[in-house]
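Each value in this text was obtained by applying a stated rule to the coordinates, not by laboratory testing. Predicted model only: the values in this text are computed from it and were never measured. Note that each Cβ is placed from the backbone with ideal geometry, even for glycine, and that neighbours are counted across all protein chains shown.
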Amino acid sequence: MTKSSSLPLQANQTISMEESPDPPFVETYKNLIDTNIVDDEHNDLFMVEECELPLINLHQLNYGNKFEREECKKKIAKASREWGFFQVVNHGVSPNILGQMRTEQVKLFKKTFNEKINIDKSLNFSEGSYRWGTPTATCLRQISWSEAFHVPLSDVSKGFSSLSSTMEEFATTLSELAQELARLLAEELGDYYNYKLDYFKETCLSSTCYLRMNRYPACPISPQLFGLMPHTDSDFLTILHQDEIGGLQLFRDGKWISVKPNPEALIINIGDLFQAWSNGVYRSVEHRVVTNKFRERFSTAFFLCPSYDTEILSCVEPCLYKKFTFREFRQQVQEDVNSFGYKIGLPRFLVSTN
């Protein structure tokens with residue numbers, strides 16, 4: 001792919017099908033698609049077993065007796081150690097807000113592609129919030145057949161009134177939940193971490209955390225392409241609300257498994273920073289999204305991120321990972337993506353064994 005076809009596109013670029021809401025995936029990646037298409041029968045993206053993530057009822061954490069609260073904490077810590085993923089119900093976000101958020105999100109993504117590439121200005125979002133595809137893709141499996149709006153929490157109050165008010169309530173509740181879960185997981189690490197229980201409150205601010213609204217359009221050559229290529233999250237915690245379509249898969253015990261969708265639950269997963277900060281106790285697990293040939297999929301994610309100058313270092317010795325700042329981590333990830341087409345992540349920061 002030449003530099004002229006890299007993404008995101010600028011507002012003055014000409015695209016086909018101007019009234020379509022879909023980004024020009026086929027036109028942009030035509031050469032990669034034409035030369036790399038394979039037989040569906042030998043494609044492994046859909047040939048995986050389905051599982052249910054550990055399900056945790058947060059009612060016990062917030063309203064249970066002392067024994068029930070402790071049991072709930074242990075379940076959360078165990079899932080974070082063994083799975084790196086779990087789902088929660090009675091999480092504090094009302095079904096009404098979840099429904100409103102999805103309705104407003106769908107309305108936003110139904111705008112034409114031309115409107116969406118100009119929407120940063122019209123909604124007063126930070127420049128570059130709308131993204132699609134994979135700018136660095138050099139082969140079929142590096143293409144992400146999806147589009148997204150990345151919105152810092154500090155921008156959530158901007159935009160259309162119906163969207164911003166819903167986003168603000170949604171984001172506030174998820175931010176509070178993420179802070180509570182992060183503090184709980186720090187407590188479960190033991191005495192060495194007790195003096196850092198306010199670490200997340202001090203470092204993960206509204207200007208550094210963000211929401212990402214995702215749309216995965218129906219893909220005519222599914223299952224040849226990913227909706228989102230395999231990766232780990234570069235944050236402390238991610239909270240995800242997805243629809244009933246499914247498509248999220250995670251890598252566990254040497255194989256990919258498909259997550260059974262539960263629209264009433266929120267999915268929580270551990271990010272790279274928490275794995276490093278916990279000295280490998282909690283796991284940041286590789287995951288991906290597969291495409292659907294006939295149906296589009298929507299999801300919304302909250303990312304608990306620190307300021308760029310925040311130092312990530314375990315409280316126990318020997319440390320598995322070198323001390324690094326979030327800025328250094330992000331810069332290394334971007335360099336690797338530009339060089340190799342994919343993220344390497346935490347292995348770059350392992351302490352040398354030589």
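Summary of computed values
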| item | result |
| --- | --- |
| Between region 271-316 and region 174-193, the alpha-carbon center distance in angstrom | 15 Å |
| Fewest-first ranking of Leu250, Leu350, using other Cβ atoms within 10 Å as the exposure measure | Leu350, Leu250 |
| Model label zone, Glu335; criterion: amide N under 20 Å from point 7 Å along Cα-to-beta-carbon; scope region 289-321 | 308-313, 321 |
| Cross-link pairs Lys255/Lys323; Lys73/Lys322; Lys111/Lys260; Lys107/Lys293; Lys73/Lys343; Lys110/Lys293 - those with Cα-Cα distance over 24 Å | Lys255/Lys323; Lys73/Lys322; Lys111/Lys260; Lys73/Lys343 |
| Residue-span extension gain [Arg348 to Phe294] - 0.36 nm each, minus C-alpha spacing | 15.6 nm |
| Theoretical FRET efficiency, 1/(1+(r/R0)^6), r = Cβ-Cβ of Ser165 and Lys111, R0 25 Å, to 0.05 | 0.85 |
| DSSP beta bridge pairing in the chain, given as percent antiparallel to the nearest 5 | 90 percent |
| Order of Tyr210, Tyr308 - criterion: other Cβ atoms within 10 Å of each residue's Cβ, fewest first | Tyr308, Tyr210 |
| Most fluctuating residue given options Pro220, Pro261, Pro23, as computed from a GNM of the chain linking Cα atoms under 10 Å | Pro220 |
| Ranked Arg348, Arg297, criterion: other C-beta atoms within 10 Å, fewest first | Arg348, Arg297 |
| Sites Lys30 and Leu320, calculated FRET efficiency, Cβ-Cβ separation with R0 35 Å, nearest 0.05 | 0.20 |
| Dimensions in Å of region 124-233 - Rg and Dmax from alpha carbons | 17.8, 53 |
| Highest average packing first - 137-144, 311-318, Cβ atoms within 10 Å | 137-144, 311-318 |
| Förster radius 41 Å - calculated FRET efficiency between Lys66 and Asn96 (Cβ-Cβ, nearest 0.05) | 0.80 |
| Debye log10 I(q)/I(0) at q = 0.10, 0.11, 0.16 Å⁻¹ for region 19-310, Cα point scatterers | -0.55, -0.67, -1.38 |
